[in-house]
Amino acid sequence: MSIKDDGTIIDALGTIDKEIFEHQDKSLFPMYKGLIQSYLQLIWDPQNNAIYEDCASNAYGPNKEFIPLQDDTNFNLYPDSDITLIVHAD
């Protein structure tokens with residue numbers, strides 16, 4: 001997936017949501033059935049501009065530089081970043 005050069009995790013999640021909305025048959029889980037409206041909704045708290053506390057992130061740039069997504073959702077992602085987000089189901 002590609003985002004603009006100064007893109008953030010919020011931009012990346014929005015891009016994923018757009019792709020899934022346009023190609024619902026490729027979704028990992030049935031968002032189109034109304035269970036979840038978007039990955040952005042599931043992971044990002046817009047009131048606090050933060051990743052929800054029950055989500056974990058493992059994010060690194062191409063040279064293994066750490067990306068502090070939990071601390072700063074406005075952090076500009078490095079090109080070719082490797083990002084894993086884990087949503088804990090309670």
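The values are calculated or read from the model by the stated rules, or taken from the named source; none is laboratory data. A quick note: this is a predicted structure, and the numbers were derived from the prediction, not measured. Reconstructed Cβ throughout: ideal geometry from the backbone, glycine too, with neighbour counts over all protein chains shown.
A count restricted to the range 1-47 and to residues that are of a type in the set (Lys, Arg) and at pLDDT 75 or above stands at 1. Residues of the range 59-84 that are without any contact (Cβ under 8 Å) to a residue 60 or more places away in the chain and under 11 Å from the mean Cα position of the chain (by Cα): ALA59, THR84. In the range 64-90, what residues are farther than 13 Å from ALA12 by Cβ, aliphatic (A, V, I, L, M) and either in contact with a Gly (Cβ under 9 Å, 6 or more places away or on another chain) or assigned to a loop (DSSP other than H, G, I, E, B) (or both)? Once the filter is applied, which keeps residues that are farther than 13 Å from ALA12 by Cβ, aliphatic (A, V, I, L, M) and either in contact with a Gly (Cβ under 9 Å, 6 or more places away or on another chain) or assigned to a loop (DSSP other than H, G, I, E, B) (or both), the range 64-90 yields only ALA89. Selection of the range 41-90 for residues being of a type in the set (Ser, Thr, Tyr) and within 22 Å of LYS18 (Cβ to Cβ) yields TYR52, SER57, THR73, TYR78, SER81, THR84.
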